[in-house]
Amino acid sequence: MTTSLETDVLRFLSQPEEGKFESLALAIFNHQRRENPVYAKYCEFLETPERIDSWKRIPAVPQIAFKRSDIRSFSVEETTTEFRTSGTTGEGYGKHFFPSLRLYEAAVVRGWDYFRLPRHRLILLMQHPDEAPFSSLSRMGGILTNFRRDRFAIAKNGGFDLDQLREQLLNREAALTLFGTALAFLNLLEVFPARCLELPHGSVAIETGGFKGSGREIGKRALYEQLSVRLGVATDSIWNEYGMTELSSQFYSSGIGRSHRAPPWMRFQVIDPDTNEEASPGKIGLLRIIDLANLWSVLAVLTQDLAIAQPDGGFLLLGRDPDVLPRGCSRAMDELMRSAR
Amino acid sequence: MKLDDRIAAVVSAAAGFSWLGDLTAENIARWIELELGQYLSDPRLQTYGSQHCLTFPLSPILHIVSGNTPHAALQSLIRGVIVGATNWMKLPQEGLPEVDTFVRALPKEIRPELAGDLHQCWMEEAEAIVVFGSDETIQEFSRWARPTQRFLAHGHKISLGLIWSRCDPHIAEGIARDVFPFDQLGCLSPQFFFVAGDSAEFASQLSKCMEKQRLNLVAPVRDRGLAAALRAFREEWKFRAATEPGVFLWDSLANLDWVVIHDPNPGLVTNPLHGTIFIKAMPSDPELALSPIRRLISTIGLSPVNLESVSLAIRSGAQRTCQIGQMQNPPLTWHHDGWPALGSFVRYVDVEGL
């Protein structure tokens, strides 16, 4: 059954048919509810009916569930890969288990290609998966570059591999694509304050993630403007990849103030936090994601990120406000809890 | 302005704020008498042991207040006005409309000056500085204060309840009265309740009364980011309730008005407040369980109130104990954070050999 579902999802990834999304999503939901005891309990708690008729009614687990439980829709013994979240919030790390990475790999590659992102001369501001075996981002980079070591610009010790970078930047004959976390880009600019980092004509920068745990914050506009000046690329040629360890697929947007869009095997809803129902158009809410490639865990995840659905079918990502909680006297307890960690 | 006139002005201005307590001229006079004897009302030298004494208000007093509740800000201001000080108040960025209203109702000659931005000269000229806020806020202002200035810090505090009773409508109503005012953001707002006996049953019974209790109050205005954080927190606990033994959750339908969470683990957890009620199993040694927050505890609400429960609360670090349902209503004469409320705002002059 699982193998057949995996085949169905793989087929959908390579030949998406809008009309088949819902039936596939519901089939995966039924499978996960049956095979994943943690998810089954959650559905029972929410009094989810045995049969539901829309992907929009599939219960989404909160992102933090991946920290609190093992979310597996297959047996423990079949586990071959484990990705982990960074754990920078001090509450431990989230885990995403896989019995096979076939779907994950397909989702990464098909998603990248769907948005016509260049794969030639892809330089990764990240560690090779051998050095970061639990990082889904490193694995993603590996998949996109056939795990070639010379494409990874962060050394084993976490610092920049200067020789590698210098060599890539000096070759100005062909455009390149620089892909890394926003923090890695920021570090790059800081490590080489005086060095010319200008990329060859037609190059693209793709940043992802935030600054969690770094103690640094910079707005998207300021980051893109800095990158544009130092890398010599237009802000429209800077992309954001919005993904997370808990998912298998990614959303993408380019430039500043533009929508994130999904590949055909993903959907999203913006949830009104007051009512826990879908927000009316144009309203800010929590982002709830359906990812068909998440066959091995749960396909619906409620994030802690704020977003606004856009008329173009995408969403404007607002992220989360780190200062919103705790407030007032709950800060006393929060500070105590943090110091105890 | 004379003391009696100041008292009358405070009583009149406070008339619209029932949550400030029973602010009558008689009660204020009794409060002054209790804390300062004749010092405020009689300007002559008073006998004090073998010497004589006079008091003078510390003046001006700079009040730097936080935005969680208007309660603490107004209490501080009222104390300053009563002792006869000139009062300046630095308001939080988002303002405090209740303070504006109160101040406008005072006569001009004792009307405090309010500002959203701190005037540097206030910091330099104030004789006393009162700061409400987080540790960082207090540290920041304490760096600027001079040794000759009296610096009074009211940091964030934690309040809680200890309950050995069953949950009946009376207790549920009391818990609602303690939790819901100021959207649970005050230092007197309980963050959790330790309940002896069947704590899960207590939580279940409490949840049945919450909808009715919430209806009695004006729904708080919350911005979208805050609502989202509260929703995310609530969904996390729903997941925990579904998957962890002994965790139960009941919440208001289609809104974020209230949530009751039963957590069998007596360990301390962060509460996002805003109508979040944690019912936790009473630990075998509550004093030990509360020891990490001992220095942060403000009020412990009790049910029942008896010598044993009061003694346990005091040993655990309470600055104040009271009946469940009265946590938000300290008497006029209470010692906020353990200090004399009026006495902290005056200085004594000792006269010997007369």
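Near the amide H of B:L249, within less than 5 Å, lie the amide hydrogens of B:H262, all on another chain or at least 5 residues away, with H placed in the peptide plane.
The translational diffusion coefficient of the protein assembly as shown, from Stokes-Einstein at 37 °C and 0.692 mPa s with a Kirkwood hydrodynamic radius over alpha carbon pairs, comes to 114 µm²/s. Here the Gaussian network model covers chain B, with springs between Cα atoms less than 10 Å apart; of B:L288, B:L96, B:L62, B:L288 fluctuates the most. For chain A, the spread of Cα coordinates along the three principal axes comes to 61, 53, 43 Å, biggest extent given first.
Per-residue ellipticity at 222 nm from helix content only, as computed over the protein assembly as shown with -39500 (n - 2.57) for each DSSP H run of at least four residues, stands at -10000 deg cm²/dmol. Charge tally for A:V76 (other residues, Cβ to Cβ under 13 Å; Lys, Arg +1; Asp, Glu -1): -3.
What's the longest piece of chain A with no exposed GluC sites (Glu not before Pro), counting a site as exposed if DSSP puts it in a loop and it has at most 16 other beta carbons within 10 Å?
Numbers: sites that count: A:E17, A:E47, A:E50, A:E91, A:E131, A:E173, A:E198, A:E217, A:E277.
It works out to A:278-341.
Placing pseudo-labels 7 Å out from each Cα toward the beta carbon at A:H120 and B:H119 gives an inter-label distance of 6.8 nm. Using the Cβ-Cβ distance between A:L170 and A:I256 with R0 = 25 Å, the FRET efficiency computed as 1/(1 + (r/R0)^6) comes to roughly 0.25. For the residues of A:68-81, the average number of beta carbons from a partner chain within 10 Å of their own beta carbon is 1. Taking Lys and Arg as +1 and Asp and Glu as -1, the other residues whose beta-carbon sits under 12 Å from that of A:M266 total +3. Put a dot 7 Å past the Cα of A:V109, heading toward its Cβ, do the same for B:L354, and the two dots end up 9.6 nm apart. Full extension of the chain segment joining B:D223 with B:E211 gains 2.1 nm, where the gain is 0.36 nm per residue of separation less the Cα-Cα distance. Exposure proxy for A:S136, A:S237, A:S280: other Cβ atoms within 10 Å of each Cβ, ordered fewest to most, give A:S280, A:S237, A:S136. Taken along the Cα-to-beta-carbon direction at a fixed 7 Å, the label points for B:D198 and B:S142 span 4.8 nm. The angle between the Cα long axis of helix B:3-13 and the main principal axis of chain B comes to about 30°, on a 0 to 90 degree scale.
Other chains' Cβ within 10 Å of B:281-290 residues: what's the mean?
On the way: counts 0, 0, 0, 0, 0, 0, 0, 0, 0, 0.
What the average comes to for B:281-290 is 0.
Taking the number of other C-beta atoms within 10 Å as the exposure measure, put B:M327, B:M1, A:M244, B:M123 in order starting with the fewest. Lowest count first: B:M1, B:M123, A:M244, B:M327. Residues B:R104, B:R6, ranked from the fewest to the most other C-beta atoms within 10 Å, line up as B:R104, B:R6.
About its Cα centre, what dipole magnitude does the stretch A:104-258 give when the only charges are +1 on Lys and Arg Cβ and -1 on Asp and Glu Cβ, stated in debye to the nearest 20? Walk me through the intermediate numbers first.
Working: 18 positive and 17 negative charges, 30 e Å.
The dipole magnitude comes to about 140 debye.
For the pair A:E44 and A:D150, a Förster radius of 51 Å applied to the C-beta separation gives a FRET efficiency near 0.50, rounded to the nearest 0.05. Among the residues of A:220-231, the average count of other protein chain beta-carbon atoms within 10 Å of the residue beta-carbon is 0. Of the GluC sites (Glu not before Pro) found in the stretch B:1-103, those in coil by DSSP whose Cβ has at most 14 other Cβ atoms within 10 Å are B:E94.
Each DSSP beta bridge with both residues in the stretch B:200-354 is either parallel or antiparallel, and the antiparallel ones are about 30%.
Between helix A:102-114 and chain A there is an angle of about 60 degrees, using the helix long axis and the longest principal axis of the Cα atoms. Along the charge dipole of chain A, Cβ charges K/R +1 and D/E -1, which of A:G202, A:L137, A:Y104 sits furthest on the positive end? In chain A, that residue is A:G202.
Mind checking the stretch B:246-354 for GluC sites (Glu not before Pro) that DSSP puts in a loop (not H, G, I, E or B) and that have at most 15 other Cβ atoms within 10 Å?
Values: sites: B:E287, B:E308, B:E352; in loops: B:E352.
Answer by residue number: B:E352.
Seen from B:G343, the other residues with C-beta closer than 14 Å to its C-beta sum to a net charge of 0, counting Lys and Arg as +1 and Asp and Glu as -1.
Once the cut-off is 26 Å, how many percent of the Cα-Cα pairs in the stretch A:104-258 end up in the long-distance tail? Counting every Cα pair in the stretch A:104-258, those more than 26 Å apart make up 18 percent.
Every number here is computed from the coordinates shown, using simple stated rules; none is lab data. Please read these numbers as outputs of a predicted model, since none were measured by experiment. Neighbour counts are summed over all protein chains in view; Cβ atoms, including those assigned to glycine, are modelled from backbone coordinates with ideal geometry.
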